[in-house]
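I have placed the structure first, in the form of structure tokens, so that the comments after it can refer back to it.
The values are calculated or read from the model by the stated rules, or taken from the named source; none is laboratory data. Predicted model only: the values in this text are computed from it and were never measured. Note: ideal-geometry Cβ built from the backbone for every residue, glycine included; neighbour counts use all protein chains shown. We work out accessible area using only protein heavy atoms, side chains counted, and drop any ligands, DNA or RNA first. Shrake-Rupley method; radii C 1.70, N 1.55, O 1.52, S 1.80 Å.
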Amino acid sequence: MTRLRERLADLFQNTARKKSRGQSFVELALIIPILLLIVIGVVEVAMFIGRYLDMLDLTREAARFASIRDPFDTEVAADQDCATINFFDFYWDISCVFSPPGNSDMCWDAEFCNGLNPYFVLNPATDDVVVSVYTITAQHPSTGDPYVSNAWPSPDGFWAWSDHDNDTASDGNWQRNCDGDTVRSAPHFTEDTIGDELNTASPENKGYVAVELYYCYEQVLNIPLFSDFVPNPIQIHV
């Protein structure tokens with residue numbers, strides 16, 4: 001009887017162990033997909049933040065480039081080509097900062113190349129660069145500014161890359177989101193939003209230059225379910 005009891009006890013213990021192992025495997029099988037989605041989501045967010053920081057650095061570099069140059073210097077010739085060094089177009093050359101480096105595989109447009117951007121390529125159908133210059137008395141470009149005879153919509157006081165690139169079918173990209181819906185009628189920086197920052201007692205040759213970048217970020221991993229909550233592509237504005 002004692003041996004029989006021992007055998008029955010061992011049998012019950014083995015059965016309990018097998019049930020516990022089976023339950024653990026089932027729980028693990030249910031948890032692993034959720035954990036994978038979380039890990040992949042963290043990777044996607046990290047890539048998004050990295051792209052945003054790249055864009056922020058480039059925008060600051062473009063603003064620095066613009067701040068030490070004279071937008072009203074009429075003694076230099078206008079030329080919308082980033083690769084030429086003997087000619088200068090204030091607004092176009094600011095946008096050139098966002099072009100790929102020279103001799104890069106990312107140079108899809110020979111005229112929009114030779115810049116500081118090895119990270120991403122601007123899509124002329126969706127992305128945009130907006131440049132505005134603010135002096136004490138006015139917002140530029142205007143009808144009297146040099147090199148902006150075809151600026152759109154002059155004289156409203158801003159220059160958009162999409163209105164001067166080779167893609168004439170996608171002018172005014174800054175107005176639209178990544179789905180092509182019109183969501184704004186003016187750039188972020190306007191005479192009203194920046195007016196409070198200007199010191200009216202300053203000499204009239206002082207002012208501000210504002211550089212804005214509108215970019216449609218495509219999810220790299222395109223995670224299932226994640227795209228149901230986060231637009232893909234999503235517009236980044238810096």
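Miscellaneous remarks
- For region 202-227, a residue qualifies if it is of a type in the set (A, V, I, L, M) and modelled with pLDDT under 70, and exactly one does: 225.
- Residue match in region 74-85 (condition: among the polar types (S, T, N, Q) and in contact with an Asp or Glu (Cβ under 6 Å, 6 or more places away or on another chain)): yes
- Every residue from region 138-169 that is modelled with pLDDT of 70 or more, among the polar types (S, T, N, Q) and open to solvent by 20 Å² or more (accessible area, probe 1.4 Å): 139, 142, 166, 168
- On the stretch given as region 103-136, residues that are aromatic (Phe, Trp, Tyr) and open to solvent by 50 Å² or more (accessible area, probe 1.4 Å) total 2.
- Region 23-72, subset among the charged types (D, E, K, R), in a helix (DSSP H, G or I) and open to solvent by 80 Å² or more (accessible area, probe 1.4 Å), residue farthest from residue 118 (Cα to Cα): 27
- Within region 107-133, the only residue that satisfies the criterion of being assigned to a strand (DSSP E or B), of a type outside the set (A, V, I, L, M) and within 12 Å of the chain's Cα centre (by Cα) is 128.
- Test: residue in region 78-100 that is open to solvent by 50 Å² or more (accessible area, probe 1.4 Å) and not in a loop (DSSP other than H, G, I, E, B): no
- Test: residue in region 75-87 that is modelled with pLDDT of 85 or more and in contact with a helix residue (DSSP H, G or I) (Cβ under 6 Å, 6 or more places away or on another chain): yes
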